[in-house]
Amino acid sequence: MELFNVLTVAQARSTLASHLPARTQAETVPLLQGLNRILARDITALEDVPGFDRSTMDGYAVRARDTFGATESLPAYVDVTGEVMMGQEAVGKLGSGQAWLIPTGGMLPPGADAVVMVEYTEELDTNTIGITKPVAPGDNMVRRGEDVAAGSVVLTAGRRLRPQDLGLLSAVGVTEVPVMLPVKVGILSTGNELVGPDQPAAPGKVRDINSYTLYGQVLEAGGIPKLYGIIQDNFDALQAAMRQALAENDMVLVSGGSSVGARDVTARVIAALGQPGVLFHGIAIKPGKPSIGAVVDGKAVFGLPGHPVSAMVVFNLLARPIIQSAGLPVQQTSFPLRAAITRNVHSATGRDDFLRVTLRRLEDGSIVADPVLGKSGLISTMVKADGVAHLPLTKEGVEAGELVDVWLF
């Protein structure tokens, strides 16, 4: 059996997306429980923020035109006729040639259109001040609705809620948020050579790594992982375990058994689980070429390589975006860092290479990426690395000093 339907990363993502139905499962949670969750629908502000013209400085509320031409040698004199109390409505009206004392955050009185900072005033007597620097309309204040206008969409569906987003929702009076249900992910490891971390690694045996790295990756991406243990290289055993995982989850990850050896059964099991089944077996990347992408009854299924580095890289490229978006078109919130590679690296055209690197900042402030060399079966190389550098499929490698995109872990 040969690898078939080898796709680029972009083609693999597009193929999966075209076969995955839109998820609609959402729930409403208290605002404080919305952090890092995916917003299920747009949120519209029902009121202005702030709800009144508000000072951003300690000083005096004034009519800006009363300050025009003011200098230290020839101040503009105005009468202090009122004071704004913090947290209270400004009652009354400021007239021409007048000023009101106002604290930071205080409500500007009607008639005022600017605030003069205390530092640019001098007291003439208890009722009069001199203004030594002019202000323009709008200076040192925030107008009503300047932050958020009533009726505007403040956050859109598909956004992962950050701390500042919670603050914005609080400002417009939102106490509960509609969020997508997190993606539940079943994780299986296959291989007669695998044992659990609590078991002795007898000759010929190795401890299961991928269950634990994938569990952490799913959790980090915002999903709910569930381990189904180590499954032997047996069609019936693997099929039974995967049927259970599919029934109980929204996505299934199975590591090992994705290569093309005669004893590998993952692709055959996935193909027998349901429609449309295997969409591709092989991606034009290194590491991780012999990966399987499938959709079974509307749920994504990935056959990941047994090598830990390959499994982690493929997860980040294909599974993570689905989990992070919870099935909605998600807004990109992370971007690669640009760094200069420190050595020549060869890469074959026609495939995307992902090179493990560590990062250093030089004395001149520039950032360089040092390749971490090692085979894809060595988990220690991922521990040493700060991220992976992307060598695009259109290039035959990179030369020392060339800038590359680095995706941080």
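Tabulated data
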{"item": "Some residue of the stretch 327-336 being of a type in the set (A, V, I, L, M), in a loop (DSSP other than H, G, I, E, B) and closer than 20 Å to ASN249 by Cα", "result": "yes"}
{"item": "Strands (runs of 3 or more DSSP E) wholly inside the stretch 366-409 containing at least 1 residues that are closer than 19 Å to MET312 by Cβ and over 23 Å from the mean Cα position of the chain (by Cα)", "result": "367-371"}
{"item": "Residue count, the stretch 1-58 (criterion: assigned to a strand (DSSP E or B) and more than 28 Å from the chain's Cα centre (by Cα))", "result": "3"}
{"item": "Test: residue in the stretch 215-223 that is among the small types (Gly, Ala, Ser), surrounded by fewer than 19 Cβ atoms within 10 Å (Cβ to Cβ), touching a residue at least 40 places away in the same chain (Cβ under 8 Å) and over 30 Å from GLY105 (Cα atoms)", "result": "yes"}
{"item": "Subset of the stretch 100-119 (residues that are under 17 Å from GLU72 (Cα atoms), open to solvent by 40 Å² or more (accessible area, probe 1.4 Å) and of a type in the set (A, V, I, L, M, F, W, C))", "result": "MET117, VAL118"}
{"item": "Output for the stretch 156-166, where each listed residue is part of a helix (DSSP H, G or I) and open to solvent by 40 Å² or more (accessible area, probe 1.4 Å)", "result": "PRO163, GLN164"}
{"item": "Filter result for GLU122 (open to solvent by 40 Å² or more (accessible area, probe 1.4 Å) and within 44 Å of the chain's Cα centre (by Cα))", "result": "no"}
{"item": "The stretch 336-356 residues that are more than 17 Å from ALA10 (Cβ to Cβ), paired with ones that are of a type in the set (S, T, N, Q) and open to solvent by 20 Å² or more (accessible area, probe 1.4 Å) (beta carbon under 9 Å, 6 or more apart)", "result": "ALA339/SER366; ALA340/SER366"}
{"item": "Residue ID - nearest to ILE131 (Cα to Cα), chosen from residues in the stretch 40-99 that are among the small types (Gly, Ala, Ser) and open to solvent by 70 Å² or more (accessible area, probe 1.4 Å)", "result": "SER73"}
{"item": "Test result for GLN98, touching a helix residue (DSSP H, G or I) at 6+ places or on another chain (Cβ under 9 Å) and of a type in the set (S, T, N, Q)", "result": "yes"}
{"item": "Count - residues of the stretch 196-212 that are open to solvent by less than 30 Å² (accessible area, probe 1.4 Å) and in contact (Cβ under 8 Å) with a residue 24 or more places away in the chain", "result": "3"}
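Each row is one residue, and each column tells you yes or no for (1) in contact with a His (Cβ under 6 Å, 6 or more places away or on another chain); (2) surrounded by fewer than 18 Cβ atoms within 10 Å (Cβ to Cβ); (3) within 18 Å of LYS289 (Cα to Cα).
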site	(1), (2), (3)
THR349	no, yes, yes
ARG361	no, yes, no
ILE367	no, yes, no
VAL372	no, no, no
GLY377	yes, yes, yes
LEU391	no, no, yes
GLY397	yes, yes, yes
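The values are calculated or read from the model by the stated rules, or taken from the named source; none is laboratory data. Remember, it's a predicted structure, so these values are computed and weren't measured experimentally. Cβ sites come from the backbone with ideal geometry, for glycine too, and all protein chains shown count toward neighbours. Note: areas computed on protein heavy atoms with side chains; ligands, DNA, RNA excluded. Shrake-Rupley method; radii C 1.70, N 1.55, O 1.52, S 1.80 Å.
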